[in-house]
Amino acid sequence: MLNMCVRWPTMQNEPADTAADDVAARVREVVAAAGVSQREFARRVVMDPSKLSRSLGGTRRFTAAELARIADTAGADVGWLMGSLPGSRTPAAAPVRRTRDTGTTAAAPDGGRPLQIVREAVRLIAERGFHAVRVADIAEACATSTATIHYHFPGRDDLLEAAVRWCMDEDTARRAARTAEAHNAADELHQLIELQVPYSEQQRRQWLVWVDLWAQAARSTVVGRLHVDYYRQWRDTVADVVRRGVAQGAFRPGTDPEGAALRLTALIDGLAAQVLASTPGAVGGTSAEDMHGALLDHVATTLLHVRPTPSRA
């Protein structure tokens, strides 16, 4: 269960205040990159300008929900923004992570050049598809050489695995930030659903990468295992929310949490694929709004203990 109070991620033996200062510094970078005034940036992220000013100045801490909105609006990495990406304070480091059950290793995109490579690889995969992206394309996007790419990621499989891990970590961090301040299980489930709808360019890009990775998971043992692990965690997250909703009386008694989670996550995947395949505004296509409405209707029909009474005109 997610804690309702925000615990700021800190480095070992690092004071919490230092971590909060680092978060503020990263938000200042994002504001500067946006090229607008603080007041305009506050308007874009639906935040009181005085709160933004105090948070940037260090007299107030950003909430997890505010950081999630900032990341969504600015297209930033929410894990980096919150300081939950290990090693983000030491960009020169390129640690190696041992993958589960395989005995092989892959560079973890923890900061500096490896993180830049992975982020550009994910962007290019979303635009062109994994097989259409060359190492030379990634090197050009990073303003570096192909030798540098191969230094950090010797093969395409290594780079793909790192991209998958980054997407998983980013998605997990974004979910945690978005739901940290939910009032109850029903609210938390609605937050999770909204986060999955590809409204923003960032959300659409993430979905395009996932669709490409689905095909790769069927052919790559390592990516397939990562894919299975991710979906197990994702369904467990939804099942836990449903289980708490039943206990709180918000969801129907006797509901099978695991079954409900399986059906809801499958519906999310299917609807997202339809949205991505539809041209915005095209007749007969599936829009993000259609997807969102269908998901909320599914929850209301199958989970809510008391369905809301339709308002009369």
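A few points about this structure:
- Residue that is modelled with the highest pLDDT [pool: residues in the range 1-20 that are surrounded by 12 or more Cβ atoms within 10 Å (Cβ to Cβ) and more than 20 Å from R178 (Cα to Cα)]: T18
- Test result for V222, out of contact with any Ser or Thr (no Cβ under 8 Å at 6 or more places or on another chain) and among the aliphatic types (A, V, I, L, M): no
- Qualifying residues in the range 58-76 (those that are of a type outside the set (A, V, I, L, M, F, W, C) and buried (at least 20 other Cβ atoms within 10 Å of the Cβ)) - the one farthest from V118 (Cα to Cα): E66
- A count restricted to the range 35-47 and to residues that are of a type outside the set (S, T, N, Q), open to solvent by 40 Å² or more (accessible area, probe 1.4 Å) and in a helix (DSSP H, G or I) stands at 4.
- Residue pairs meeting the criteria (Cβ under 7 Å; at least 6 apart or on separate chains; first more than 20 Å from S278 (Cα to Cα) and touching a residue at least 24 places away in the same chain (Cβ under 8 Å), in the range 202-224; second open to solvent by 40 Å² or more (accessible area, probe 1.4 Å) and of a type in the set (D, E, K, R)): S220/D157; V222/D157
- Within the range 62-84, if we keep just the residues that are in a helix (DSSP H, G or I) and at pLDDT below 75, the residue that is nearest to A32 (Cα to Cα) turns out to be T73.
- Test result for T286, under 24 Å from D212 (Cα atoms) and either in contact (Cβ under 8 Å) with a residue 40 or more places away in the chain or outside any helix (DSSP H, G or I) (or both): yes
The values are calculated or read from the model by the stated rules, or taken from the named source; none is laboratory data. Every value quoted in this text rests on a predicted model; they were computed, and no experiment measured them. Ideal geometry is used to build each Cβ from the backbone, glycine not excepted, and the neighbour counts take in all protein chains shown. Accessible surface areas use protein heavy atoms only, side chains included; no ligands, DNA or RNA. Shrake-Rupley method; radii C 1.70, N 1.55, O 1.52, S 1.80 Å.
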